Amino acid sequence: MRVISGAARGTRLVELGDVEIRPTLDRVKESFFNLIGQGLEGMTFLDLFAGTGSMGIEALSRGAEKVFFVEKNPAAQALITRNLEKCRMADQITRWQLMKQCALQALPVLQEKDTQFDFIYIDPPFSDNLYQPTLIALEGILKNDGWVIVEHFHKTTLQESYGRLKSFKDRRLGDSCLSFYQMEL
C-alpha cells in the first residue's frame, strides 16, 4: 500500500495487519482518483471509516485543501497519525483533522459545524451493514455538486437512491465495487 500521486508519491504506508481493517487496494484507489480527477486543489474530502487513512492521505497528497478522517478504532487512529508522519504531513494540522469516533456519531457533529465536502468516501466494514444509515445521514454535509463514493463488496446491492442522494455510476474492480452518488437538486 502506497501513495500513488502528488507530494507524497511513492511513500509506503503502514498497515495494521488486523483482519478487521481492510485497506483499500492500490488499484481501487488509483481507479477512484482517475475517475474523480487528479487535482484536488481547494477541495474538501471526508474519509469515513478511514482505517489506515490511505484514501484521505492520497487526497492530501494530491492537493486537497482539507481532509477529515473519521475512525473509531484506537489502533487505526494511531496508524493514521503514523502514516501522516511518514508522508511528512503530520505538521500540516490546518489541512487535516482526525475525528476519533464512529461515523454515525461524527456526521451530526460535522453538520452542526456546517462543514461541507466535495468528496465523501465511505468504506465501512463490509459485514456491518452501515451503508443505508450512513448514506441517509450525509445530506447536510455534501456540497450540491459533491460526490459520495461507496466502496463495497461487488455482490452487495446498494439502492439507487438514499433520500436526495442518487446513484449515477458504478465501477467494479475485482471483488470491490465503487458506487457514485450525487444530490438530486
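The values are calculated or read from the model by the stated rules, or taken from the named source; none is laboratory data. Remember, predicted model here, so these are calculated numbers, not experimental data. Counting neighbours? That spans all protein chains shown, and the Cβs are built from the backbone with ideal geometry, glycine included.
Within region 71-88, residues that are closer than 22 Å to residue 125 by Cα and in a helix (DSSP H, G or I) have Cβ atoms under 9 Å from residues that are of a type in the set (Asp, Glu) and modelled with pLDDT of 95 or more in these pairs: 77/71; 79/71; 80/47; 80/71, counting only partners at least 6 apart in sequence or on another chain. Looking at 118, 47, 114, 123, can you tell me which residue is out of contact with any strand residue (DSSP E or B) (no Cβ under 7 Å at 6 or more places or on another chain) and of a type in the set (Asp, Glu)? Answer to the selection: 114. Figure legend. Inter-residue proximity from region 1-23: first residues within 24 Å of residue 152 (Cα to Cα) and charged (D, E, K, R), second residues surrounded by 14 or more Cβ atoms within 10 Å (Cβ to Cβ) and modelled with pLDDT of 85 or more, beta-carbon distance below 7 Å, spacing 6+ or different chains. Indicated pairs: 2/11; 2/13; 15/52. Taking the numbered list (1) among the basic types (Lys, Arg); (2) without any contact (Cβ under 8 Å) to a residue 60 or more places away in the chain; (3) surrounded by 14 or more Cβ atoms within 10 Å (Cβ to Cβ) in turn, residue 113 passes all entries but (3). Being on the phi > 0 side of the Ramachandran plot, surrounded by fewer than 22 Cβ atoms within 10 Å (Cβ to Cβ) and either out of contact with any helix residue (DSSP H, G or I) (no Cβ under 6 Å at 6 or more places or on another chain) or part of a helix (DSSP H, G or I) (or both) is a property that does not hold for residue 27. Here residue 50 fits the description: among the small types (Gly, Ala, Ser) and within 22 Å of residue 114 (Cβ to Cβ). Contact map, region 119-137: residues that are within 13 Å of residue 181 (Cα to Cα) paired with residues that are of a type in the set (Phe, Trp, Tyr) and part of a loop (DSSP other than H, G, I, E, B), Cβ distance under 8 Å, separation 6+ or inter-chain. Pairs shown: 122/49.
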